[in-house]
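Enquirer: The structure under discussion is supplied below as structure tokens; questions concerning it will follow.
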Amino acid sequence: MTSLATSIDVDPARLSAEPVAGNWLSYNGDYTGRRYSALREINVSNVAELRAQWVFHVQSSESLEVTPVAVDGILFVTAANDAFALDAQTGRTLWHHSHPITEGLIDDASQHHNRGVGIWRKRIYMETDNAHLLCLDARSGNLLWDVAYTDGNRNYGATSAPLVVHNTVIVGTSGGDDGVRGFVAAYDAETGKEAWRFWTIPAPGEFGSSSWPGESYKLGGGTTWMPGTFDPELNTIFWGTSNPAPDFDGAPRPGDDLYTDCLLALDPDTGKLKWYFQFTPHDLFDYDATETPALVDAIFRGQPRKLIVEANRNGFLYVLDRTNGAFLSATRFVEKLNWASGIDEKGRPIRTGVKPTAAGTRVCPGMVGATNWHAPSYNPGTSLFYFMALESCNVLALKPQQFKPGQTYYATGSRRSEGDYNQKILLAYSLEGDKPVWRYVQAGMGHSAGGTMTTAGGLVFFGDDAQSFEAVDAQTGKPLWHFNTGQNFAASPMSYAIRSKQYVAIAAGSDIFSFALP
């Protein structure tokens, strides 16, 4: 074993540090979800000189969704159920932990996607496709423990990266389209013992259970398939939930369908709910609210506020007060939007009556959403919020179905809307603006899922819609550099430094690319 990893020891104080600098210690870099790096060696004046330093290829996935975690010169990455430690300067493999993929899964879990690891002390944590939490020795990759955090139901899966808060590892599940009951759960980082579990679909008699008659609460969805964010000062984690199930048939689930399509504010020590905000009550369109909730401290409408900002899949950019969940604003950010005419003063959508029908109904945004899980970012230097938007529509059809184990639970599905064409656009918004400060329209078919990162060097890095890793001016959106990877993006970038030399890295297709100045 190389000596590189032997000195790793990431205590909770390091995890709480912000902004990101030489290390990138979690999926979003730090707890804020802003994906802002204080590194500035690479900047608007020299980014055009950026060159590929190394490429690491994996054989277990053709569509990596991982964001690497960087610790003291080592990158930790995942591909399907495999974990790797790499020399961050050269891409050389230091260790590889292989865990078999699970047969018989359905839907998203059957694709064996994995978005990365969490780290605590000398340990690495990752979720598996069948919702196990693995604890590995960061120095060797040896398995220390393996905990199943569902009951073995094959309709459950996991695709996220864990979030480590204090001395607990917080995880979620996928399967919101497949008839499962969503939850967020926390495990002791040392022992793997469950600390708490918050069910996102209320049981009979609990608040919100009126939407879930009989046994339907066991099938309601509301899964938690992306990592949340954390405010140490408020001691609150913020976690998004997915759509209700069945996706397109609201009859079995009357009312608002709590806590689906919600942002949950939870106590990280107990799992107790502090507040919630629901973006799309009684969702009929598959508008998961699992997009990253970014924590921003800023002057908003003349007052200093602790804000939480989310570009939601339903087509609106929301600003909330994160101390109490109070709704502050919502701004429509796509042209193609017909399911709602706006958002009222309480934050609820003003519905137009558009909904799936047996013959099929044109719905905008389409079921992939006006944005999705690919990462947004926020730059305190420009006071701008960056994210990738998608102009799209689908025809959503309704055909009621009975739930059957081992099958999806959409109650039919979607098809292309004739005459509508997908268009990806990188947007930059002021939190108080009602239109983007700038737009960078993408060339492509709208199929990419590349996210963003912004830096103190005045840049926004992102995976574009034409298989290129790009950098633009964070203030103006002017394109400054690109590198064609020849592969589609389904991941978001990060940055790290080794002896003051800055690198930026991103996964594309089956490869991890790392770049630096000559």
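Enquirer: What 222 nm value per residue comes from the helices of the chain, counting each DSSP H run with n ≥ 4 as -39,500 (n - 2.57) and dividing by all residues, nearest 500 deg cm²/dmol?
Expert: 0 deg cm²/dmol
Enquirer: Sticking with this one: With the dipole of the chain worked out from charges on the C-beta (+1 for Lys and Arg, -1 for Asp and Glu) around the Cα centre, which of SER210, ALA195, SER45 lies farthest toward the positive end?
Expert: Value: SER45.
Enquirer: Counting only chymotrypsin sites (Phe, Trp or Tyr not before Pro) that sit in a DSSP loop (anything but H, G, I, E, B) with at most 15 other Cβ atoms within 10 Å, what is the longest stretch of the chain containing none of them?
Expert: Answer - 208-420.
Enquirer: Ok, one more. When the Karplus curve 6.51 cos²θ - 1.76 cosθ + 1.60 is applied with θ = phi - 60°, which whole-Hz ³J(HN,Hα) does each residue of the range 461-477 get, with x for Gly and Pro?
Expert: For the range 461-477, the Karplus curve yields 9, 6, x, 8, 8, 10, 6, 10, 7, 10, 10, 10, 5, 5, 7, 10, x Hz.
Enquirer: Apply the Karplus curve 6.51 cos²θ - 1.76 cosθ + 1.60, θ = phi - 60°, to the phi angles in the range 239-246 and return the couplings in whole Hz, x for Gly and Pro.
Expert: 9, x, 10, 8, 5, x, 10, x
Enquirer: Between ARG197 and ARG51, take the C-beta separation as r, use R0 = 51 Å, and let me know the FRET efficiency to the nearest 0.05.
Expert: 0.60
Enquirer: Further question: For the range 381-488, with only Lys/Arg (+1) and Asp/Glu (-1) charged at the beta-carbon, what is the dipole magnitude about the Cα centre, in debye rounded to 20? Working shown, then result.
Expert: Values: 8 positive and 9 negative charges, 88 e Å.
In total the dipole reaches around 420 debye.
Enquirer: Sequence gap at least 6, Cα distance under 8 Å: using those rules, report the relative contact order of the chain to the nearest whole percent.
Expert: Dividing the mean separation by the residue count of the chain yields 15 percent.
Enquirer: Still on this model: Among DSSP bridges having both ends in the chain, what percentage is antiparallel? Round to the nearest 5. The partial results should precede the final answer.
Expert: Values: 125 of 130 bridges.
Just about 95 percent of them are antiparallel.
Enquirer: Report the label-to-label distance for ASP420 and SER110 in nanometres (one decimal), using points 7 Å from each Cα along the Cα→Cβ vector.
Expert: 2.5 nm
Enquirer: Could you list the residues of the range 76-95 with an amide nitrogen less than 15 Å from a label point located 7 Å from the Cα of ASP511 in the Cα-to-C-beta direction?
Expert: Counting only backbone N, you get 91-92.
Enquirer: Gap in Å between the Cα centre of the range 189-245 and the Cα centre of the range 468-518?
Expert: 34 Å
Enquirer: Please give the Cα centre distance for the range 68-113 versus the range 344-419, rounded to the nearest Å.
Expert: 30 Å
Enquirer: Something else now. Going by amide H atoms built from the backbone, whose H comes under 5 Å of the H on ASN114, apart from near neighbours?
Expert: Long-range HN contacts for ASN114: GLU65, ALA80.
Enquirer: Most exposed first by the Cβ proxy, i.e. fewest other Cβ within 10 Å, how do LEU258, LEU134 rank?
Expert: LEU134, LEU258
Enquirer: With semi-axes √(5λ) of the Cα gyration tensor in Å in mind, check (1) 39, 32, 22; (2) 36, 28, 19; (3) 32, 27, 22 and report the label derived from this structure.
Expert: Among (1) 39, 32, 22; (2) 36, 28, 19; (3) 32, 27, 22, the one derived from this structure is (3).
Enquirer: Let me know the charge dipole size of the chain about its Cα centre in debye, to the nearest 20, where only the beta-carbon of Lys, Arg (+1) and Asp, Glu (-1) is charged.
Expert: Result for the chain is approximately 600 debye, rounded to the nearest 20.
Enquirer: Can you compute 3J(HN,Hα) from phi for each residue in the range 116-121, using the Karplus curve 6.51 cos²θ - 1.76 cosθ + 1.60 with θ = phi - 60°, rounded to whole Hz and x for Gly and Pro?
Expert: Along the range 116-121, the couplings run x, 10, x, 9, 8, 6 Hz.
Enquirer: What distance in nm lies between label points placed 7 Å from Cα along the C-beta direction at LEU144 and LYS346?
Expert: The two pseudo-label positions are separated by 4.7 nm.
Enquirer: In nm, to one decimal, how far is the LYS435 label point from the ASN167 one, both placed 7 Å along Cα→Cβ?
Expert: According to this spin-label approximation, the distance is 5.5 nm.
Enquirer: In the structure shown, do any of LYS193/LYS272; LYS218/LYS336; LYS218/LYS346; LYS306/LYS435; LYS122/LYS306 have a Cα-Cα gap over 25 Å, and if so which?
Expert: LYS218/LYS336; LYS218/LYS346; LYS122/LYS306, as the Cα separations exceed 25 Å there.
Enquirer: Quick check on the exposure proxy: order ARG348, ARG301 from fewest to most C-beta atoms within 10 angstrom.
Expert: Ordered from fewest to most neighbouring Cβ atoms within 10 Å, ARG348, ARG301 come out as ARG301, ARG348.
Enquirer: So, one more: Within the range 488-508, what residues put their amide N at less than 16 Å from the label point 7 Å along the Cα-to-Cβ vector of ALA466?
Expert: Only 488-489 fall inside the zone, counting backbone N under 16 Å.
Only the coordinates and a few stated rules stand behind these numbers; no lab work does. What you see is a predicted model; the values in this text were computed from it and never measured. As a convention, Cβ positions derive from the backbone with ideal geometry for all residues, glycine included, and neighbour counts pool all protein chains shown.
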